[in-house]
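Asker: Here it is, the structure in full.
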Amino acid sequence: MRQHKPKIVWLQAITCNGNTHSLLSSNPSRFELLLNSFNFFYHPSITTENSLEDVLNLKEIDFLLLEGAVTSNKQFYQISDNSINDLLKKVSKKAKYIISVGSCASYGGIHAKFEQNSDIKGLQDILNVWELKKLKQPIINLTGCPVHPEWILQTLFTLKEFGKIGLDMQGRPKDIYFGLAHHGCTRNEYFEWKIEAKSFGHKEGCLFYEEGCRGPMTHSNCNRILWNDVNTKTRAGMPCIGCTEFDFPRDNMLETKKNIGIPSEVPLGINKRAYLTITGVAKTFKIDRLNKKLIE
Amino acid sequence: MKTLNIVERIEGEAKLVCNWEDEKITDAQIQFLNFRGFEYILKDKPALDALVYTPRICGICGQAHLKATAQALENIYESVNEPLYITDKAKLLREIGLNIEIIDSHIKWFYLFIMPDIAKLSKDEKYLKYEAIKGESWRKGTYAASESIKALAVFAGQWPHTSYMLPGGVMSDPTLFDIMTMQNYMDQTLHFIEKELIGDEIENYFNFNNISDFDSLNGALSDFIKLCLENDFHNLGKSYNSHIVLSKNYLFESGRIEIKNRQSVDLSLVKEEDINSFKMNEPRRDNEYTWAKTALYNDKPYETGPLSRALISNRKLIKNMHKEYNDSVLTRVMARMDELIYLVFITKKLIKQVDISQDSFIPPKLSLKDIGTATGISAVEAARGSLLHKVTLENSIIKNYDVITPSVWNLGPGINEKYGIAQKAIIGANSLEKAYIILRSFDVCSVCTTH
C-alpha cells in the first residue's frame, strides 16, 4: 500500500551538530523505518537532492525540525545570507508541526552562554504563534543536549499516526518528560539507602551525594530507554548533568552543592526536612551487600 | 569571472568564492561566517565544567575535545610538580573511546559526505547505491557507524556528548562482559569493513602495496578509486605536501614532514594568527573574510589529518600511493580509509589489553583550587587531525582557554602571500563540483573551524 509520506525539513542554526549525530546513531532498523515512512526532504548535512532555496519554495512542510539556538545577529551567524530569525519566521509559516530538537533550539542552551552575542534564544522565543496559521499544535520542545534519537522518532511517528501529543508546561512531550532521569538508574538502591559513591570510577554507590548527579531533579527517560541501545551516563558512572532542563548548563556540574554537609537541592517534590529525616533513618541500616564491591 | 557559492553538507556551512580563468579556479577564498565563541564562553567557568563544555564544541569529535581537556588539566598538575598517576586501564579506556569515535566519524564521512557526491559525477547506474538516503550502500554505512559507536557507549554511557574522562582517570568501571561486548561491536565493524569497504579479508589488505591491488575487488574502495581516476582526482587537490602530527598514540607517531625528512615537533612553535580573520568587537577591514584563524608551525602552514598521520607513521600502502599521486584527493581519502581499517584492528587489540582489576580513577590529592595560577597544554589526534587545547586557571577558575582545531590548520585563510592548505588545494580545479569534493577531502567541519 502506497502511503502519503509526510515531508520533514530539518534546519540547523547555532549548533554543534550533536543532535544530527545523535539521530544518525539511532537504532539502525528504527532509522530505516523513519527513512521509509517519511519524506526526508532537507537536512543541510544529510540530504543531497534539495537546497535551502527548494525549502523556501515549498508551500507546505509537515514537520519542521530545528537544531540549534537562534539569533538575529548576522555578524555572528547566518544561513545562506539570511539571519536565522528571518529565515525561520519565513519557513515556520509553512509548517504543520514545529519541533525544537535539543536544548539549544528549545532554550538557547549552551550557546546562550556566549554573552558577546546577547541575542541568542530558543525558537519559541522568536516566533509569533498567531502568525503560524498552519500549525496543528503548539511548538514542541525536545530538550536534551543532545536529544535521544528515540525522542525524535517517537514524536514524529506519534504525530503522523495520532495528529496530537500531550505537552507539559514547557512544551515537552509528557510521554518522554513525565518521569526523571533517576527512574531506571541501576544505582537506585544506593540512592534509597543513602550510600554514596566512594569516588568516580566505581560501579557501586550513588552519584547524587558528591558527584553532582541531577538524576532525581531532571525530567527525562534516559534510564528507561538507554542510549545507543546499550547504556546511560549514570549507569556507566557519569553523573546526570540535567541537560534536558532550562537551566543547563549550570556551574560546578560535577560536584554536589551542599550546606553543612547536606545536598542543597533535594529530589523533586520532597520536603527538605522530611528528606533529611528519611536520610537519617536510612543511614542507620548497615547493609553489607551494598557496602561491598559488586564483583569480588 | 568570480563566483560565490554556499557549500552545504560539510558539518555546517561555508562560502566558496572563486576566481576563474580559462575555466579553471585561479584564486579561492573559503569563508566561514558563523561564530559560536566557545573560548569566550569558557572564560570564568569552573575548571571541571570544561569537561562538559568542550565536547559540545563539536557533535562529531566531542571525545577528542574531552580527552584534550582532561589532559590539559592534568598538565596543570604536572606544571606544579604534582603529576597525577593515571592507570593503564584509564589510559586505554580513553584511547579506545577516542578511537571508536574516529572510526564512527570516518565511516560516516566516507558514506555520507564523499561517496554520494563523487558517484554523482558518473552516469553509471551501478553507483546509484551510494545515493543519499535511498542508496543501499549509504544506508549500510549509517548502519555500520551507529553499530560501532555502541562499543563506546558501553563504557562511556552514551554518544554523543559524554564526559566520562576527567583528571585522574575515567568515571566508568567496565566488567569483563562489557569488554567482551565492546569486542563484539568492533568485530561487527571489522566484518562491515571487510565485506563492504574492502571486499577482501583484512589480512590480505595489510599486504596491499598500491591501488592496483583493488582492481579485482568489488568493495566501495574499488569504486572510489575508479571514480577518482575517471575524474582526475589523482591529480587534483594537491597542496603544499607538508604535514604535521602533534601527538602520538598506539597507531600514530608525532612529527612533521616537508618533502621527505621527518622531524620532531615542539608545541611551543605552534601559533594562531588572525590577520585575515574577523575579530570580536572590532570593525571589519577589507582583507578580513572569515571567522577561521590561521594555524602555523614555525610560521609555516602544514596539513594535518589522516594523510599526515599515515605518512609520518610510515604506513605502507599510503606511502606508496603518495609517491605516485602526492597529496591528491585520491591519496587523502584513501589515507583516511586506511586509517579506519588500522584503527578497527588496533582498537580490538587495545580492548583486550584492559585490565579490569586496575583502578579507573585515582582522586587527585591536590584540588585545582589550591594551585593558584597555572597553565596546561595538551594535544590529541582527532578524526580530522591534531587538536590543541591550552588552558590557564586561577584558583580553578578558567581565565583563558585556547583551542586550535584540525580544521583551523587545514581550512583557515592563508597569510602573507601564502594560501591556506585547502585554499591552495582548490586552485586549479576545473569545475565547482570538483572544488567541493576537494574541499570535502579535508573533511570540513565548519563548527570546529570557528568554534
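Asker: How many Cβ atoms of partner chains, on average, are near each residue of B:9-17 if near means within 10 Å of its Cβ?
Answerer: Values: counts 6, 2, 8, 8, 8, 0, 3, 0, 0.
So the per-residue partner count for this stretch is 4.
Asker: What is the average number of partner chain Cβ atoms found within 10 Å of a Cβ in B:161-173?
Answerer: For peptide B:161-173, the averaged partner shielding equals 6.
Asker: Take every DSSP beta bridge with both residues inside chain A and express the antiparallel ones as a percent of the total, to the nearest 5.
Answerer: Taking every DSSP beta bridge within chain A, about 30 percent pair in antiparallel fashion.
Asker: Within segment B:1-95, which chymotrypsin sites (Phe, Trp or Tyr not before Pro) sit in a loop by DSSP and count at most 13 neighbouring Cβ atoms inside 10 Å?
Answerer: Taking segment B:1-95 and a limit of 13 other Cβ atoms within 10 Å, the loop chymotrypsin sites (Phe, Trp or Tyr not before Pro) found are B:Tyr85.
Asker: Then there is this: With every protein chain in place, what's the accessible area of B:Arg440 (1.4 Å probe, Å², nearest 10)?
Answerer: Using a 1.4 Å probe on the heavy atoms, I get roughly 10 Å².
Asker: Now for a different question. Indicate the gyration tensor shape class of segment B:296-451 (rounded, prolate or oblate), computed on the Cα atoms with a ≥ b ≥ c the square roots of the eigenvalues: a/c under 1.5 is rounded; otherwise a/b larger than b/c is prolate and the rest oblate. Intermediate values should be presented prior to the final figure.
Answerer: Values: a/c = 2.84, a/b = 1.40, b/c = 2.02.
Here segment B:296-451 falls in the oblate category.
Asker: Restricting attention to segment A:220-296, which trypsin sites (Lys or Arg not before Pro) occupy a DSSP loop and are surrounded by at most 10 other Cβ atoms within 10 Å?
Answerer: Listed in order of number, the matching sites are A:Lys286, A:Lys292, A:Lys293.
Asker: Sticking with this one: For the protein assembly as shown, what is the mean residue ellipticity at 222 nm derived from helices alone (per DSSP H run of n ≥ 4: -39500 (n - 2.57); sum divided by total residues; nearest 500 deg cm²/dmol)?
Answerer: Dividing the helical sum by the residues of the protein assembly as shown leaves -10000 deg cm²/dmol.
Asker: Here is a follow-up. Show me, for segment B:264-277, the HN-Hα J-couplings you get by feeding each phi into the Karplus relation (A = 6.51, B = -1.76, C = 1.60, θ = phi - 60°), rounded to Hz, glycine and proline as x.
Answerer: Those phi angles translate into 7, 10, 10, 4, 6, 8, 7, 9, 10, 10, 10, 4, 9, 10 Hz.
Asker: Expressed in whole Å with the largest first, what are the equivalent ellipsoid semi-axes of chain B derived from the C-alpha gyration tensor as the square root of 5 times each eigenvalue? Don't jump to the answer; show the numbers that get you there.
Answerer: On the way: eigenvalues 228, 166, 68 Å².
Ellipsoid semi-axes (Å, largest first): 34, 29, 18.
Asker: Could you calculate the contour length gain from A:Glu255 to A:Gln170, that is, 0.36 nm times the residue separation minus the distance between their Cα atoms, to one decimal place in nm?
Answerer: Stretched out fully, the A:Glu255 to A:Gln170 stretch lengthens by 27.9 nm.
Asker: While we're on this one: Note the per residue figure in Å³ for the convex hull of the C-alpha positions in chain A.
Answerer: Taking the convex hull of the Cα positions in chain A, it is 157 Å³ per residue.
Asker: Could you compute how much accessible surface B:Trp109 exposes when probed at 1.4 Å, giving the result in Å² to the nearest 10?
Answerer: Surface open to solvent at B:Trp109 totals about 10 Å².
Asker: Report the label-to-label distance for A:Glu49 and A:Lys292 in nanometres (one decimal), using points 7 Å from each Cα along the Cα→Cβ vector.
Answerer: Rounded to a tenth, the inter-label distance reads 6.2 nm.
Asker: Enumerate the calculated ³J(HN,Hα) couplings along segment A:214-219 in order (Karplus 6.51 cos²θ - 1.76 cosθ + 1.60, θ = phi - 60°), each rounded to whole Hz, writing x wherever the residue is Gly or Pro.
Answerer: 9, x, x, 10, 10, 7
Asker: Continuing with the same structure: Quick check on my link table: of A:Lys198/A:Lys286; B:Lys24/B:Lys424; A:Lys74/B:Lys15; A:Lys258/B:Lys399; B:Lys316/B:Lys424; B:Lys67/B:Lys271, which ones sit more than 23 Å apart, alpha carbon to alpha carbon? Before the final figure, lay out the partial values.
Answerer: On the way: A:Lys198/A:Lys286 16 Å; B:Lys24/B:Lys424 13 Å; A:Lys74/B:Lys15 15 Å; A:Lys258/B:Lys399 25 Å; B:Lys316/B:Lys424 26 Å; B:Lys67/B:Lys271 21 Å.
In this structure, A:Lys258/B:Lys399; B:Lys316/B:Lys424 lie more than 23 Å apart at Cα.
Asker: Also: How big is the antiparallel share of DSSP beta bridges in segment B:2-450, given as a percent to the nearest 5?
Answerer: In segment B:2-450, approximately 95 percent of DSSP beta bridges are antiparallel ones.
Asker: Next question. Hey, what angle do you get for helix A:28-37 against the long axis of chain A, alpha-carbon based, 0 to 90 degrees rounded to 10?
Answerer: 30 degrees
Asker: I would also like to ask the following. Skipping prolines and chain starts, which residues have an amide H placed within reach, meaning under 5 Å, of the one on B:Glu253, given they are 5 or more residues away or on another chain?
Answerer: It is B:Ser313, by chain and number.
Asker: Now for a different question. So what is the relative contact order for chain B, in percent, with contacts set as C-alpha pairs under 8 Å and at least six apart?
Answerer: Computed over chain B, the figure is 25 percent.
Asker: Let me ask you something else. With both bridge residues required to lie in the protein assembly as shown, what share of the DSSP beta bridges run antiparallel, to the nearest 5%? List each step's numbers first, then the result.
Answerer: Details: 54 of 74 bridges.
In the protein assembly as shown, approximately 75 percent of DSSP beta bridges are antiparallel ones.
Asker: Quote the FRET efficiency, to the nearest 0.05, computed for B:Lys365 versus B:Asp22 with a Förster distance R0 of 60 Å and r equal to the Cβ-Cβ distance.
Answerer: 0.30
Asker: Let me know the Kirkwood hydrodynamic radius for segment A:114-227, please, with Cα pairs as the basis and the value in Å to one decimal.
Answerer: One decimal place: 16.7 Å for the Kirkwood radius.
Asker: Go through segment B:315-330 residue by residue and turn each phi into a ³J(HN,Hα) via Karplus (6.51, -1.76, 1.60, θ = phi - 60°); whole Hz please, and just put x for glycine and proline.
Answerer: Using θ = phi - 60°, the values come out as 7, 4, 4, 6, 4, 5, 4, 5, 4, 8, 10, 6, 8, 7, 4, 3 Hz.
Asker: Let me confirm one metric for peptide A:235-242, namely the mean number of other chain beta-carbon atoms within 10 Å of its residues' beta-carbons.
Answerer: Neighbouring Cβ atoms belonging to other protein chains average 6 per residue here.
Asker: Quick one: if you take sqrt(5λ) for each eigenvalue of the C-alpha gyration tensor of the protein assembly as shown, what semi-axes come out, biggest first, whole angstrom? Don't skip to the answer; put the middle values down first.
Answerer: Working: eigenvalues 297, 192, 138 Å².
Values for the protein assembly as shown, descending: 39, 31, 26 Å.
Asker: Accessible area of B:Glu381, 1.4 Å probe, to the nearest 10 Å²?
Answerer: Surface open to solvent at B:Glu381 totals about 10 Å².
The values are calculated or read from the model by the stated rules, or taken from the named source; none is laboratory data. Please read these numbers as outputs of a predicted model, since none were measured by experiment. Here the Cβ is made from the backbone with ideal geometry for all residues, glycine too, and neighbour counts use every protein chain on show. Just so you know, the surface numbers come from the protein's heavy atoms only, side chains and all, with ligands and any DNA or RNA stripped out. Shrake-Rupley method; radii C 1.70, N 1.55, O 1.52, S 1.80 Å.
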